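> Structure incoming, see below.
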Amino acid sequence: MKLLGSVTSPFVRKVRVVLLEKHIDFEFVTDAMVGAAPVIERHNPLAKIPALVLDDGLTLFDSQVITEYLDAISPVGHLIPATPRERAVVKRWEAMADGILDAGVAIVLEKRRPVGERSPAWMEKQKGKMERGLALMAQELGGHAWCTGDSLSLSDLATGALLFWLDFRFPELTWRITYPNLVQLADKLGQRKSFRETMPPANP
């Protein structure tokens, strides 16, 4: 299978981390968004990454769809519980992490607009989403070792992809000062091979 994406996208990194944690072989296509007719458009009409092209030609898109599929096809280290409530709780964490990322990406894109066309009020609204989401994560993590349950799950991997992206794109945020329990989780995840091998370049 082929994963279409970029080395800096947190959504792509989440999928790459899952692939590595599950020991699934894949080809990583990093230039899918390049060119007048980018490769991604042939596989995802929405032209969004990540997209996972299966061996039979079917393309899966949206990182949450992809991560659920990957967990189901490999028996190695299940990341999503089978029972309905526990499954929903893990997917809820993933949705929260992705929602915070959506707000952050929106700010990044808004800052790329000409100064006179930017909306400070709109960016502040997105920042509020990020801050409230992080506060909820820290509250629910509390003193637990993992986001949900007693072992590593997709909730942790999604949260790690988020937190490291905040370091990458929003170094001015003070989450490392405000939420020491999230720092402890990030430090633990950062020691895993899957996160070390998917570290984005220092100067993208």
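Since every read-out is calculated from the coordinates, none of them should be taken as a lab result. Predicted model only: the values in this text are computed from it and were never measured. For neighbour counting, all protein chains shown are included, and Cβ atoms are generated from backbone atoms with ideal geometry for every residue, glycine included.
> For region 180-188, does any single residue satisfy the condition of being within 25 Å of residue 76 (Cβ to Cβ) and among the basic types (Lys, Arg)?
The answer is yes; a qualifying residue exists.
> In addition: Could you say whether any residue in region 23-38 is touching a residue at least 24 places away in the same chain (Cβ under 8 Å), within 18 Å of residue 162 (Cα to Cα), surrounded by 15 or more Cβ atoms within 10 Å (Cβ to Cβ) and in contact with a helix residue (DSSP H, G or I) (Cβ under 8 Å, 6 or more places away or on another chain)?
No; the residues of region 23-38 include none that is touching a residue at least 24 places away in the same chain (Cβ under 8 Å), within 18 Å of residue 162 (Cα to Cα), surrounded by 15 or more Cβ atoms within 10 Å (Cβ to Cβ) and in contact with a helix residue (DSSP H, G or I) (Cβ under 8 Å, 6 or more places away or on another chain).
> Pick out, from region 70-178, the helices (runs of 4 or more DSSP H) lying fully within it that include 2 or more residues that are basic (Lys, Arg) and touching a helix residue (DSSP H, G or I) at 6+ places or on another chain (Cβ under 8 Å).
84-111, 120-141
> If I go through region 161-180 residue by residue, how many of them are crowded, with 16+ Cβ neighbours inside 10 Å and either under 16 Å from residue 71 (Cβ atoms) or free of Cβ contacts under 8 Å to residues at least 60 places away in the same chain (or both)?
5
> Can you name the residue in region 39-65 that is in a strand (DSSP E or B) and without any contact (Cβ under 8 Å) to a residue 40 or more places away in the chain and, of all such residues, is surrounded by the fewest Cβ atoms within 10 Å (Cβ to Cβ)?
Once the filter is applied, the top-ranked residue is 59.
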